[in-house]
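Visitor: Take a look at this one; I'll ask things after.
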């Protein structure tokens, strides 16, 4: 059996790697190849192209990489013709993956979409296109399934893979000892993003916020959890602008850092859900270009941005967006989560409620079962989790 897997960003690389391992566990002789990052390569996927170094965000920003993406799309089209895979698994990265899915559909190749586009948030008409060209949509949130089913898509709700993935590997005291941090002092996690542009838009003000927090809590310490897609050199460039700030930088230990932190300042994305799963209260921030922001304001149909808020349907996590992303506001919100026991308890209780709605353990294994069933032409519905979960 041959399965082509296609991911385009750091989070997709992570989910693709975990899915690849489960597919190979269920079907050891399967050959996996396609597009992804270092994590997918380590999981046994032969990479045709690694796009994680050039992944983009937003409408205006995407224009800078259109030439690259078109070239890669052409290359993967050639791979489809040469390899004729039994299945193509598309993981997030919708602007690219939907084009590739149409190419696969036109060639009669079965397709599964895993970590599918957020049609519940905006561009709901896209669900009809997905229904036409995707053999089965693997949904990870329960509220996604009705939207896709209404559009006519074959859909399997498998639950969220982070339920299985997100676990700390070390106790708080042990981690802080390794990082030479005082366990009695407040510790705040800083997660500025997994793309270079996100770092440039968020990290400078995060560090200024840390300096403000130190004025209120002189013993406060900070840990930057570095995404595997980001160069340490880029972080050091901004650290030099805040000399003397007690910040520890660590890579590959995001879950340990979040679990050990008293509170976290997180750029919008998957990390907000990871923090919820670890029970760490957080403040979500997000800034983008003015053009992208104004377009999204017109298109997005939901009132929240942070994933725990979207899952629960109410704002439990403070959201700072665009002009609200200032050092003063970030410091104020983070200090409130640390100082105010009632506020902290309310946020933590809300996070626990949002986690309870993510489905039972075993999501990645169920998603692998769906992929293999579709590849073999079988019915994947046996892997669907009942929505009452």
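Visitor: Which residues, counting only those in region 354-371, are crowded, with 16+ Cβ neighbours inside 10 Å and assigned to a helix (DSSP H, G or I)?
Guide: Of everything in region 354-371, those that are crowded, with 16+ Cβ neighbours inside 10 Å and assigned to a helix (DSSP H, G or I) turn out to be 354, 355, 363, 364, 365, 366, 367, 368, 369, 370, 371.
Visitor: So is residue 374 in a helix (DSSP H, G or I) and under 30 Å from residue 28 (Cα atoms) or not?
Guide: Values: in a helix (DSSP H, G or I): yes; under 30 Å from residue 28 (Cα atoms): yes.
Yes; evaluated as a whole, the condition is true for this residue.
Visitor: Can you pull out the residues in region 224-238 that are more than 20 Å from the chain's Cα centre (by Cα) and crowded, with 16+ Cβ neighbours inside 10 Å? Lay out the reasoning, then the answer.
Guide: At the first step, the residues of region 224-238 found to be more than 20 Å from the chain's Cα centre (by Cα) are 232-238.
Across region 224-238, the qualifying residues are 235, 238.
Every residue, every condition in (1) at pLDDT 95 or above; (2) in a helix (DSSP H, G or I); (3) within 30 Å of residue 290 (Cβ to Cβ), yes or no:
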position: 3; (1), (2), (3): yes, no, no
position: 20; (1), (2), (3): yes, yes, no
position: 62; (1), (2), (3): no, yes, yes
position: 85; (1), (2), (3): yes, no, no
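Visitor: Now, a different point. Just one of (1) closer than 27 Å to residue 258 by Cα; (2) without any contact (Cβ under 8 Å) to a residue 60 or more places away in the chain; (3) not in a helix (DSSP H, G or I) trips up residue 386, so point out which.
Guide: Tallying (1) closer than 27 Å to residue 258 by Cα; (2) without any contact (Cβ under 8 Å) to a residue 60 or more places away in the chain; (3) not in a helix (DSSP H, G or I), residue 386 fails exactly one: (1).
The values are calculated or read from the model by the stated rules, or taken from the named source; none is laboratory data. Note that this is a predicted model, so its numbers are computed, not measured. Because the Cβ atoms are built from the backbone with ideal geometry, glycine has one as well, and the counts that use them run over all protein chains shown.
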